[in-house]
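Working notes, beginning with the structure itself.
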Amino acid sequence: MVDLRGVDLGVKIGKLELPYPTFMGSGCYGSGEEFASFVDLARIGAVVLKSVTRLPRLGNPTPRLVHTPAGMLNAIGLQNPGIDWYLEQEVAKFASRPCAIVGSVAGFSVDDYAYVSERLATRDEIDALEVNVSCPNVASEGETFACDPKLTAKVVRAVRATTDKTLIVKLSPNVTDIASIAREAEAAGADALAVINTVRGMAIDVDRWQPRLGNVTGGLSGPAIRPIAVLAVYEVARAVTIPIVGQGGIETTSDALEFFLAGASAISIGTANFTDPQIPLRIIEELAQYLRLRNLGSLAKIVGKANVGFSNPYQYEGDEG
Amino acid sequence: MATIATSAAIHHALVLDRQELAPGVVVLGFDAPALVRVTRPGQFVMAIPPSGELAATALGIYEASGNRASVMFFVVGKRTAELAALRAGDHIELTGPLGNGFTLDNVRNVAIVAGGVGIASVLLPAQALTRAGARVRLYYGARTNALLVDHDRFTSEGCELHAATDDGSMGHAGYITDLLSQTNDLPDMILACGPTPMLRVVARIAEERNIAAQLSLEETFACGVGGCWGCVVPLVRTSKQAPSFPPAQRNGSDVVYARVCKEGPVFWAHELRW
């Protein structure tokens, strides 16, 4: 049982109001049902569903996963049944989840994004939409949307025109200047930004002289990318006024705090669920504890408070230094 | 395969015993009556390495009886090394039982093929079948006789043992599949667990001899519970285990990717397209 006495961990992302600031990352958590028999979903903020596209996708050839130092590479390739089947067969099941459900939209053209968003947004089971412009693992366009400020803006404008639901745009770290892309997404109507998607990577089998992934390249996740993600959140937070859902290698409460202090209003947990599915619940508990010890009534008070030359007035006597 | 909904849970289990049956081959027994009650032959657990810094790893459930369940594994990397360092009195965190197990209904005469620590996934089906009165032959291969661990566990259950070692130190010198392919006393079902090259040969023998075969596959897992679609294998679309997806846009494809952790790990050999 999470003890939240005197501590408000609630967060508002666009129109989405959540009692806990924890999202479960897209593609890492199925539809929540896969974890429901051993994780109390009422104790997490939101599940971000696996991305859905206009047409069904077989996904990438195998192998799709490689464990690497402090993380893993994946190249799933957006395997999904396509929006028609999804609406007919899957979406109704989400109604029973005791947490918020965020649909994830992917595509290969501006029109794809608009089409899938418009259809998905009609459903009450979907509380908000994440716009996945940054999947590194699909052949053609792949990341070109998230790597180009103008294309990002086009996709976001097109999706925005289809729905009033909260739009979270997921950005790629594989860019030169993430802040400029964040600004374009905000100007085009994004309600929030998910920062970051995976970092492109590759691993090679030195016995076979072959890439370890069927797709050759993949997306790196896990603690290996955490400092990259913290910096991205820090930079994006200084470029936009909309909330940020920080993500990239969060495994502990301390990791989560780095993201909040860098400027994230909420966090998303992905790969850590593969280490231990209880991690999101533990982080909530410990966040409340951290805030209570410092007499901070709400999580919002620490968001973006990491600043150069800043002296922490809330330092707890148990803290080091 | 059996598709009864499982009641997977996270178990914080007391380690009861730890044995090293051969160099690098470890059996960890733990107190988990709730796990034992719902475990079916062929299922697995995701075990969390105690440091909390490494991804959970999938281990077949070796034994399940009374209050005690166990896992058997070969120490091959950091995760299994951490698990192998556990001792009686420590605790182990694991999620399970997971996946769909073997289908054992109406099996009267079975050949079970195990390679190396693949033996870990076949003790439970061997016990269930011998106790149901079926004839059970175990074809068990490993590099050397010391690695043919616990074969007496099977013979004491009434299984007939056929052994093979790479170095000839016990049984046939060569592959275990050599023995399977040579027999004219055909079983009505084959169950197999072991290295992928062995499973491919078992699948070919089963097809040539027209015997139904169930293969327990191993793949790199991330979540282990069906959430990430990382551990897939290509399966014919008509399989009852195929995810109920509509045809994908890749033209001419008659396969669908099924999750080893969720739809598997046990698949019908004739339905795999690997």
Report, ordered by the first and then the second residue, all pairs with beta carbons closer than 7 Å, sequence separation of six or more or different chains, a first member in region A:101-124 that is without any contact (Cβ under 8 Å) to a residue 60 or more places away in the chain, and a second member that is open to solvent by 10 Å² or more (accessible area, probe 1.4 Å) and among the basic types (Lys, Arg). A:107/A:54; A:110/A:154; A:112/A:54; A:121/A:165
Could you count how many residues in region A:263-275 are touching a Ser or Thr at 6+ places or on another chain (Cβ under 9 Å) and not in a strand (DSSP E or B)? 3
State whether one or more residues within region B:219-232 are over 15 Å from the mean Cα position of the chain (by Cα), closer than 30 Å to residue A:87 by Cβ and more than 12 Å from chain A (Cβ to nearest Cβ). no
The correct count of residues that are surrounded by fewer than 24 Cβ atoms within 10 Å (Cβ to Cβ) and under 14 Å from residue A:271 (Cα atoms) in region A:20-46 is 1
Residues of region A:62-82 satisfying the condition of being open to solvent by less than 10 Å² (accessible area, probe 1.4 Å), more than 7 Å from chain B (Cβ to nearest Cβ) and in contact with a Pro (Cβ under 9 Å, 6 or more places away or on another chain): A:75, A:77, A:80
Subset of region B:249-274 that is over 19 Å from the mean Cα position of the chain (by Cα) and crowded, with 18+ Cβ neighbours inside 10 Å - its residue that is modelled with the lowest pLDDT: B:255
Among the residues of region A:12-27, are any at negative phi, β-branched (Val, Ile, Thr) and not in a strand (DSSP E or B)? no
Search region A:20-48 for residues being free of Cβ contacts under 8 Å to residues at least 60 places away in the same chain and either touching a His at 6+ places or on another chain (Cβ under 9 Å) or within 20 Å of residue A:169 (Cα to Cα) (or both), and hand back the single one that is nearest to the other protein chains (Cβ to nearest Cβ). A:30
Residue check for residue B:199: more than 14 Å from chain A (Cβ to nearest Cβ) and part of a loop (DSSP other than H, G, I, E, B): no
Could you pull out the residue among A:256, A:262 that is over 28 Å from residue A:40 (Cβ atoms) and among the small types (Gly, Ala, Ser)? A:262
Being touching a Lys or Arg at 6+ places or on another chain (Cβ under 7 Å) and in contact (Cβ under 8 Å) with a residue 24 or more places away in the chain narrows it down to one residue among B:57, B:95, B:39; which is it? B:57
Residue count, region A:249-262, condition crowded, with 24+ Cβ neighbours inside 10 Å and either assigned to a loop (DSSP other than H, G, I, E, B) or at the interface with chain B (Cβ under 9 Å from one of its Cβ atoms) (or both), comes to 2
Identify all residues within region B:234-248 that are at pLDDT 90 or above and at the interface with chain A (Cβ under 7 Å from one of its Cβ atoms); write none if there are none. none
Residue B:39 - would you say it is under 19 Å from the mean Cα position of the chain (by Cα) and over 20 Å from residue B:231 (Cβ atoms)? yes
Got at least one residue in region A:221-238 being farther than 25 Å from residue A:152 by Cα, small (Gly, Ala, Ser), at pLDDT 95 or above and open to solvent by less than 20 Å² (accessible area, probe 1.4 Å)? yes
Tell me, yes or no, whether region B:171-193 has at least one residue that is surrounded by fewer than 20 Cβ atoms within 10 Å (Cβ to Cβ), modelled with pLDDT of 95 or more, within 12 Å of another protein chain (Cβ to nearest Cβ) and more than 21 Å from residue A:51 (Cα to Cα). no
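The values are calculated or read from the model by the stated rules, or taken from the named source; none is laboratory data. All values reported here derive from a predicted model rather than from experimental measurement. All Cβ positions, glycine included, derive from the backbone under ideal geometry; neighbour counts span all protein chains shown. What goes into the accessible areas is simple: the full protein's heavy atoms, side chains included, and nothing from ligands, DNA or RNA. Shrake-Rupley method; radii C 1.70, N 1.55, O 1.52, S 1.80 Å.
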